[in-house]
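Scroll down for the structure; my scribbles are underneath it.
Here, each number is a calculation from the coordinates, and none is a lab measurement. Predicted model only: the values in this text are computed from it and were never measured. Using ideal geometry, Cβ is built from the backbone for each residue, glycine included, and neighbour counts are taken over all protein chains shown.
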Amino acid sequence: MRKVYYIGIVLSLSILTLASCTPISECKNCEAVTYDKNDGHEISRESAIEYCGQSLNDKINAAPVIHGNEKTVWECH
């Protein structure tokens, strides 16, 4: 019976330790912003949406989308 008790304590402490090491996802508000490629002036800006974790990383690392003379990028803050 003592072995079961000690195993339960060890497992509980292990789970708590692992949970405490898990980083909290960082979140930021990101907007898709379109610029004129020729002069750099802003053409439009979408409403900001909050992204966290991998979704945030995807937005931060996204390549600009170029269509004609317009370049759209994600700006996160």
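Of note:
- When only the Cβ of Lys, Arg, Asp and Glu is charged (+1, +1, -1, -1), the dipole of the stretch 24-77 relative to its Cα centre reaches about 120 debye.
- Global geometry of the stretch 24-77, whether rounded, prolate or oblate, following the gyration tensor of its Cα atoms and the 1.5 cut on a/c: prolate
- Dipole of the stretch 24-77 [Lys/Arg +1, Asp/Glu -1 at C-beta], most positive-end residue of 54, 76, 35: 54
- Each residue of the stretch 41-54 was assigned a 3J(HN,Hα) from its phi angle through the Karplus curve 6.51 cos²θ - 1.76 cosθ + 1.60 (θ = phi - 60°); the sequence is 6, 6, 9, 7, 9, 7, 5, 6, 10, 7, 10, 9, x, 5 Hz, with glycine and proline shown as x.
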